[in-house]
1. Connecting C-alpha atoms closer than 10 Å in a GNM of chain B, tell me which of B:ILE83, B:ILE210, B:ILE273 has the biggest fluctuation.
2. In square nanometres and to one decimal, what's the mean projected area of the convex hull around the Cα atoms of region A:46-159?
3. Mind putting a number on the dipole of region A:95-192 about its Cα centre? Charges go on the C-beta only, +1 for Lys and Arg and -1 for Asp and Glu, and I need it in Debye to the nearest 20.
4. Springs between alpha-carbon pairs under 10 angstrom, Gaussian network model over chain A: which of A:ALA144, A:ALA367, A:ALA343 fluctuates most?
5. How long are the semi-axes of the equivalent ellipsoid of the protein assembly as shown, taking √(5λ) for every eigenvalue λ of the Cα gyration tensor, in whole Å from largest down?
6. What trypsin sites (Lys or Arg not before Pro) does region B:142-217 have in DSSP loop regions with at most 15 other beta carbons within 10 Å?
7. Count neighbours as other Cβ atoms within 10 Å of each site's Cβ, and list the GluC sites (Glu not before Pro) in region A:162-234 that are DSSP loop with at most 14 such neighbours.
8. Taking only DSSP H segments of four or more residues, each worth -39500 (n - 2.57), what value at 222 nm results for chain B once the sum is divided by all its residues, to the nearest 500 deg cm²/dmol?
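Just so it is clear, none of the values below were taken in a lab; they were calculated from the coordinates. Predicted model only: the values in this text are computed from it and were never measured. As a convention, Cβ positions derive from the backbone with ideal geometry for all residues, glycine included, and neighbour counts pool all protein chains shown.
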Amino acid sequence: MDMEFSPEDLAFQKEVREFIAENYPAELRGKQDEGDELSKEDFLSWHKILYKKGWVAPAWPVEYGGTGWTPTQRFIWSEETARADCVRLMPFGLAMVGPVIYTFGTPEQKARFLPRILSGEDWWCQGYSEPGSGSDLASLRTAAVRDGDEYVVNGQKTWTTMAQYADWGFFLVRTDKDAKQQEGISFLLIDMKSPGITVRPIITLGGEHEVNEVFLEDVRVSVDQRVYEENKGWTCAKFLLAHERTGIAGVAASKRGVEKVKAIARTELDGDKPLLANPFFKRKMAELEIDLTALEFTELRSLAGANAGKGPGPESSLLKIKGSEIQQRLTELTLEAVGHYGAPYFRGFGDGDNEHPIGPDYAHRAAPTYFNVRKTTIYGGSNEIQRNIIAKMVLGL
Amino acid sequence: MDFTYTETQDMIRDTLSRFLADTYDFETRQKFINGDLGRDPAIWTALAQELGMLGAAFSEEQGGLGGGALENAIIMEELGKVIAIEPYLPTVVIAGGALKAVGGAQADAMIPEIIAGNAIVAFAYAEPQGRYDLANLRTTAKKDGAGYVLNGHKGVVYAAPWATHLLVTARTGGGQRDTDGVSLFLIDANLPGIVRRDYPTVDGNRASEIYFENVAVPGDALLGGEGTGLPLIEQIVDEATVSVCAEATGVMQKLHEGTLEYTQQRKQFGVPIAKFQVLQHRMVDMFMEVEQARSMTIMGTLKLGLPASERMAAVSAAKSKVARGAKFVGQNAIQTHGGIGITQELAIGHYFKRATMIEGQFGSADHHLGRYERIALAD
């Protein structure tokens, strides 16, 4: 056990740093610095650069387009991209449906979908939650009825992130009403341009349009777009949730977040001293950093286990719980740090709107982000559901 | 970067774990504690001579197995799982650590005695007025010819009643709280003028108040430089602090496991109380504290070799997290057990007592948060 980087690792780190410095889009950097909401094209610009380099899917097996990096190289990659404040790649294709397809899909499905996920040609969204099925996901009612070589899908999905941009969606649908809840579900890939699909925005507390309702009315889906066996979709769903949870720890991004809050707290004055000198604020900062260190080393231990042949297991629920709590505490401290200038509501630069936001640059997104990030302990299986999972799967209760 | 244990490390853990399973069940431990001596010396001898365990953290040239801090952590965690009262921490981790750091004739003479199980060392560093400040010393060592004369009072010296040697911090110069003028001595525990008042501690150990009354010690008892001992003392206390984090991890794991087991047996309202979601979630929160304590112990252990300020920040991060985790897990283990938890009858309460003492050992959570802030969060 040691924390040393080998000469090869150090060379890799240098290569990554130089690549980011030379290739990260300047326009995107500018928008991030201004705290602008990012568009589909903004996200895709970095995605496509990485695709060209062959680095867009480090976690994938090499045969499907992965990088073949060692766990240490992947660690370095996430550290360096966070350090440079690179935008997060959209997870729906790369981290979610991609692994489901290469794990459970047919050769035809792999050939049809995986290259377009890697290239960024297809933008994916996730059709899981329903108005009546949140934490109790298996109670979902969106139904797919077989009609020859097609399913006819009817129902409603909600909280569908970035569906307004999506070309494709992966959906959990009920294909057997009489089976036990988890046993009558199938996993379908649906073209979002199919007749019968309506996407309606939901505006969240920070004013963002991130999530949507998706209505499906007699949507016809070819049977060859079903992944894995009929009525076995829950297997894919569980696999995907465990994958989703590990990424959710967000250690590298939170480390970057800590540095941002500290920079604000060194700039903002509290009396004649920087806010960071305030013993109460400093103590909260220290506790947050220390908890983040504990999360980081728990993730490193978990990755070492995964490397020894154990896939992401139920312990990833721990990473989700602690990671999401830390993300929330970061936004809480940021909002606290900016003081008065957390209040002005800035809608972002619209067309022809060049007015500079009120207050310091670091202040105007503080409250919307704080509001928005309340989602992290709710999505991906709420933290209460994660505790149920640990109780059952790890503690055997 | 590598987060796996070597085969030798796995073997050390397995060997010790099996030995303790055979020799150190809860009832036997209680017999040791309640005997006159407060321990069974045969255990220490077996750890040294049958298992070679006391040499695990020393180099092969010194007669050991070639390990270091990670081996100490593995052994301390296993000792924690049985709430062992063996003086591994002061003898091997602390005195052994100091001897490894200074090297030379003193190390050559003493390390083989430690590995063989012949020497037990107690660490006399705390003083009644000093709290957790290692430099706050009234004990003095005055130069006298080739040697020194010790005077002063050391408090709550764990394992002192059993010790063949004492590792003592004392002032050879400077004022009571100066960082300069601090020295470290390794002395025979039975020198004339050493007066001990022995007593049991609440966590099952034995300790002493030690009074030095014009104790003449030889010049070669000084470890390291005269008056420049503080950095060495800080280093060995950091090593010891990470070691009690490792011990705490073992203690916390057993508190958690014991609680899981008990809630599956104990029935109320016609069902095992483990069926209640409010208790399930509590036990998940305890589990997460155990896992994070393990992570922080590894983190602290791996960073012991870094430059002093980084080492201190890492150790303080670990200790503050583990101390709070130990409190949370201990208190909730007792609460979940209900009435039986607050009796002496079950092991669980004894684990809770050790966990509680570890919280404050080498500095409380607040003390370490303060030290972390001074290093990592300078404004």
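1. Of the options given, B:ILE273 has the highest mean-square fluctuation.
2. The directionally averaged projection comes out at 9.2 nm².
3. Using Cβ point charges on Lys, Arg, Asp and Glu, region A:95-192 gives about 200 debye.
4. Result: A:ALA343 has the largest fluctuation of those listed.
5. Working through the eigenvalues yields semi-axes of 55, 30, 24 Å.
6. B:ARG177
7. A:GLU229
8. Result for chain B, helices only: -16000 deg cm²/dmol.
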